[in-house]
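What follows is a single structure, written as structure tokens, with notes after it.
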Amino acid sequence: MHIELSEEQVLLRDSVRRFAEEVVKPRAKEIDESGEFPRGFFDQAGEMGLAGVAVPEAYGGSGMDTISYCVVIEEISRVCATSGVILSVNNSLVCDPLLKFGSEEQKREFLVPLAAGKKLGCFALTEPGAGSDPAGLLSTARRDGEDYVLNGNKLFITNGTHADVALVFASTDLEKKHRGITCFIVPTDTPGYSHGTHEFKLGVNASGTTELAFQEMRIPAAWRLGGEGEGFKVAMSTLDGGRIGIAAQAVGIAQGAFEEALAYAQERKQFGQAISKFQAIQFYLADMATELDAGRLLTWKAAWTKENRPRFSLEAAQAKLFASEMAQRVTNKALQIHGGYGYTKEYNVERYFRDARITEIYEGTSEIQKMVIADQVLKAV
Amino acid sequence: MTTASLAVEREPSFAPSEEQELLVREVRRFAEERIAPGTRQRDRAHEFPTEVLREMGELGLLGMLVPDAYGGAGLDSLSYVLAVEEISRVCPSVGVTMSVTNSVCCWPIARFGTEEVKRTVLRELATGECIGGFGLTEPTSGSDAASMRTQARREGGEYVLDGEKAWITNAGVGRYFVVLAKTDTAAGKRGITAFVVPADLPGFRVGLPEEKLGLRASRTAQLFFEGCRVPARYRLGEEGEGFKIALATLDHSRLGIAAQSVGIHRRALELAVAYARDRVQFGRPIAEHQAVSFAIARMATELAAARVLTHAAAIREAESDAGRWAAQAKAYASEAANRACYDALQVHGGNGFSEEYEIARLYRDVRVTTIYEGTSEMQRLVIARHLLN
């Protein structure tokens, strides 16, 4: 066991950090307030090879490992959580399943431009009545000769306002519940496909979250990802990987907030001394640093497990649960250390505090993570 | 582990080496076969596990980090924490006895002792011929170790020690103690010097065993020094270097307590899982109620966090920020283990409050982990000092 990044990973981290500081950070506050989707950021990230970090070079990606991917998401999220989740969705929820379940033809046609960042992807599973229980989804796909015809609605779809390609989950047989779910690759210019305007949210406000609607949307059977009825498996396996991305995002948000709090505590003077001289503040900082290290290590461990072991659901769920709740605590303490200033828009910590909140919810709520973990632990110990 | 061995061309890895896995298997088998069967009885009788310690010594578990040349196992810190976890899982009392001998007795002697002391005293300890302890705390000097009152007066080739030490693990059963005393009472922490003190010296006396909330099969007592003459060759480091030696020793020993906490935490999780699967209420195993299964999920997740922090601290031991990592591991692992034991007892309901069930003992045993070898509060001060410098 060892936990040092390799030389290559350090170089990656440094170059992504530079990009984050110089390009992403200056716009973070502005896009948070306006809700404007940062398509330019995605394009630039794509040029740097960050849209498909762990996708082999042969399919347009950067051919790196999953820990490198975590480093990328952490560094971007450290300055802008919105940008972090945009990348995470494209990498984890779109490129990953295409790589794992796609045919050679599908990979060439769809994965290559997505992994290269020429196209932006989104993942359409959640519906108004199907959140934590996706098996209850109501979107349908009817086979019609060589085509499928899709009808239904999707909700809270990150990247939805700007995506070029959507992975859509719909039922080919509603009676079969989760065994009837099938996954489709859908270019968003397909007739019958429409999306709403972006949803104004508490945090990660510029991530293009919106609803999708499919009305008699006809797609060729060749765009089905995996077999009929395999969609649930595709979704669950994909979300296992996605959780690692969200864990990395949570670590990045927490790291950003921690650094601001550490600096502020040393500048801010009360009672004649820097507030960092007070034990109460020191203990906050100590706890933040400790939990951050634990969250990062659990995230890397999940990434390592994904690459080196046949199963990684437990590690991914633990990393996601721990890191997201850690980010919530760390951003809360960072805001507290800033006092009244932290509650204003003048400082970044209020944004970090808002952005952290969603990490406990999307790609499986904390409650779903606990169900996954308890299930594995009760079986295994 | 040296910096050079942290080969940067490799990507991070979370797998122990084959040797480490083999060690874990052997230690686990020994723990289950030779330690676990007597744990409950020893706790009830407040009985020190002399025979178990003898066997552990033969297996090389008491001088794990000591170089081969001095009779030790010459292992790395990660191997050490893995072994402490396995032992503590079946008996935290044996865990702390082991951790103290390895971390606060062998370790400072191996690092700061003279060649002669290493060839004699350290060899006896490392080969398991005897166990040892560490005398820093005093009745009025706990977290503020520099305020100690025990004195060491130089007289020719000897130092004469006077004073008392409190809460000393292995007092009465250990043969050698690393003892901190003031050679210059006007110099504050710079006046503190470290010594190896054989327990059979005249003027060395041990108090009655303390009655403790937990860890009842580990021995804890006061040490009294009354004109105790220690040969100068038993001094560790130079005069005035004792405080530095004590802090370095505690940085290292926190790994042992973090590992002990992880072992206790793991056992609490196992007990909660077993009980929750068996116990039926409202027509189904309580494990099927989310209130219970989510508590188990949290225990398992915090165990994973505590373990990875502990392992990271072990493999970073030679780095400049090692003190921060050790403090983080100790603070987090001990507090997480306390939460786990609390929750595991809660899962047991009324049965958990009965000494019939193992969780009741663990609940008592775990409490001290946030206190000894630096309270959680001291760990946070150490962490903050690293962050703010």
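Does segment A:312-320 include one or more residues that are closer than 17 Å to A:Q255 by Cβ and in contact (Cβ under 8 Å) with a residue 40 or more places away in the chain?
Step one: list which residues in segment A:312-320 are closer than 17 Å to A:Q255 by Cβ, which gives A:319-320.
Checking the rest, the ones that are also in contact (Cβ under 8 Å) with a residue 40 or more places away in the chain come to A:319-320.
Yes, some residue in segment A:312-320 is closer than 17 Å to A:Q255 by Cβ and in contact (Cβ under 8 Å) with a residue 40 or more places away in the chain.
Just to check your reading of the model, which residue among A:A257, A:A263, A:A280 is more than 10 Å from chain B (Cβ to nearest Cβ), farther than 30 Å from A:I67 by Cβ and assigned to a helix (DSSP H, G or I)?
Working: A:A257 fails: farther than 30 Å from A:I67 by Cβ; A:A263 fails: farther than 30 Å from A:I67 by Cβ.
Answer to the check: A:A280.
Within segment B:117-172, can you find the residues that are among the charged types (D, E, K, R) and touching a residue at least 40 places away in the same chain (Cβ under 8 Å)?
Taking segment B:117-172 first, the residues among the charged types (D, E, K, R) are B:118-119, B:123-124, B:129, B:138, B:144, B:149, B:153-155, B:158, B:162, B:164-165.
Across segment B:117-172, the qualifying residues are B:K118, B:R119, B:R123, B:E124, B:E129, B:R154, B:E155, B:E158, B:D162, B:E164, B:K165.
Take the residues of segment B:284-332 that are surrounded by 23 or more Cβ atoms within 10 Å (Cβ to Cβ) and of a type in the set (F, W, Y): which is farthest from the other protein chains (Cβ to nearest Cβ)?
Residue satisfying both the conditions and the ranking: B:W325.
For segment A:324-336, how many residues are surrounded by 24 or more Cβ atoms within 10 Å (Cβ to Cβ) and at the interface with chain B (Cβ under 10 Å from one of its Cβ atoms)?
1
Looking at segment A:47-65, can you tell me whether even one residue there is within 14 Å of chain B (Cβ to nearest Cβ) and either more than 20 Å from the chain's Cα centre (by Cα) or polar (S, T, N, Q) (or both)? Please lay out each step first, then the result.
Taking segment A:47-65 and keeping what is within 14 Å of chain B (Cβ to nearest Cβ), we get A:53-54, A:63-65.
Applying the additional criterion that residues be either more than 20 Å from the chain's Cα centre (by Cα) or polar (S, T, N, Q) (or both) yields none.
Checking segment A:47-65: not a single residue is within 14 Å of chain B (Cβ to nearest Cβ) and either more than 20 Å from the chain's Cα centre (by Cα) or polar (S, T, N, Q) (or both).
Determine whether B:A186 is part of a loop (DSSP other than H, G, I, E, B), over 17 Å from the mean Cα position of the chain (by Cα) and farther than 30 Å from B:E355 by Cα.
On the way: part of a loop (DSSP other than H, G, I, E, B): yes; over 17 Å from the mean Cα position of the chain (by Cα): yes; farther than 30 Å from B:E355 by Cα: yes.
So B:A186 passes the test.
Residues that are part of a helix (DSSP H, G or I), within 12 Å of another protein chain (Cβ to nearest Cβ) and in contact with a strand residue (DSSP E or B) (Cβ under 8 Å, 6 or more places away or on another chain): does segment A:230-251 have at least one? Outline the logic, then answer.
Filtering segment A:230-251 down to residues part of a helix (DSSP H, G or I) leaves A:231-251.
Filter again for within 12 Å of another protein chain (Cβ to nearest Cβ), leaving A:247.
With the extra rule that they be in contact with a strand residue (DSSP E or B) (Cβ under 8 Å, 6 or more places away or on another chain), the set shrinks to none.
No: segment A:230-251 contains no residue that is part of a helix (DSSP H, G or I), within 12 Å of another protein chain (Cβ to nearest Cβ) and in contact with a strand residue (DSSP E or B) (Cβ under 8 Å, 6 or more places away or on another chain).
Kindly check whether there is at least one residue in segment A:111-124 that is at pLDDT 95 or above and more than 22 Å from A:Y59 (Cα to Cα).
Kept after step one, since they are at pLDDT 95 or above, are these residues of segment A:111-124: A:111-124.
In the following step, the residues that additionally are more than 22 Å from A:Y59 (Cα to Cα) were identified as A:124.
Scanning segment A:111-124, I find at least one residue that is at pLDDT 95 or above and more than 22 Å from A:Y59 (Cα to Cα), so the answer is yes.
Testing A:Q282 on (1) in contact (Cβ under 8 Å) with a residue 12 or more places away in the chain; (2) among the polar types (S, T, N, Q); (3) within 19 Å of B:Y332 (Cα to Cα), one condition comes back false. Which one is that?
Condition not satisfied by A:Q282: (1).
Which ones in segment A:132-160 are in a loop (DSSP other than H, G, I, E, B) and either without any contact (Cβ under 8 Å) to a residue 12 or more places away in the chain or closer than 19 Å to A:P191 by Cβ (or both)?
Step one: filter segment A:132-160 for residues in a loop (DSSP other than H, G, I, E, B), giving A:132-133, A:137-139, A:145-146, A:158-160.
Correct list: A:D133, A:S139, A:G145, A:E146, A:G160.
Find the residue count for segment B:10-31, including only residues that are within 14 Å of chain A (Cβ to nearest Cβ) and over 18 Å from B:R266 (Cβ atoms). Please lay out each step first, then the result.
Within segment B:10-31, the first condition is being within 14 Å of chain A (Cβ to nearest Cβ), and the residues that meet it are B:10-21, B:23-24.
Now drop any that are not over 18 Å from B:R266 (Cβ atoms), which leaves B:10-13, B:15, B:17-19.
Final tally of qualifying residues: 8.
What helices (runs of 4 or more DSSP H) lie completely within segment B:32-111 and have 3 or more residues being farther than 17 Å from B:T127 by Cα and within 18 Å of the chain's Cα centre (by Cα)? Lay out the reasoning, then the answer.
Values: elements: B:36-45, B:50-58, B:77-90, B:92-99.
Result: B:77-90, B:92-99.
Output the residue which, of all residues in segment A:327-367 that are assigned to a helix (DSSP H, G or I) and within 16 Å of A:I244 (Cα to Cα), is nearest to the chain's Cα centre (by Cα).
So in segment A:327-367, the residues assigned to a helix (DSSP H, G or I) come out as A:327-342, A:349-360, A:366-367.
Applying the additional criterion that residues be within 16 Å of A:I244 (Cα to Cα) yields A:327, A:356, A:358-360, A:366.
On the way: A:A327: 14, A:A356: 12, A:I358: 10, A:T359: 9, A:E360: 12, A:S366: 15 Å.
Within segment A:327-367, the match that is nearest to the chain's Cα centre (by Cα) is A:T359.
Report, ordered by the first and then the second residue, all pairs with beta carbons closer than 8 Å, sequence separation of six or more or different chains, a first member in segment B:199-227 that is free of Cβ contacts under 8 Å to residues at least 40 places away in the same chain, and a second member that is charged (D, E, K, R) and assigned to a loop (DSSP other than H, G, I, E, B).
So the pair list comes out as B:A199/B:R175; B:D200/B:R175.
Taking segment A:141-152 on its own, how many of its residues are surrounded by 18 or more Cβ atoms within 10 Å (Cβ to Cβ), under 27 Å from the mean Cα position of the chain (by Cα) and not hydrophobic (A, V, I, L, M, F, W, C)?
So the count comes out to 1.
If B:A344 satisfies every condition in (1) away from chain A (no Cβ under 11 Å); (2) more than 23 Å from B:V100 (Cα to Cα); (3) surrounded by fewer than 23 Cβ atoms within 10 Å (Cβ to Cβ); (4) of a type in the set (G, A, S) but one, which is the exception?
Against the list (1) away from chain A (no Cβ under 11 Å); (2) more than 23 Å from B:V100 (Cα to Cα); (3) surrounded by fewer than 23 Cβ atoms within 10 Å (Cβ to Cβ); (4) of a type in the set (G, A, S), B:A344 comes up short only on (3).
The values are calculated or read from the model by the stated rules, or taken from the named source; none is laboratory data. This one's a predicted model, so the numbers in the text were calculated from it and none came from an experiment. Positions of Cβ are backbone-derived with ideal geometry, glycine not excepted, and every protein chain shown enters the neighbour counts.
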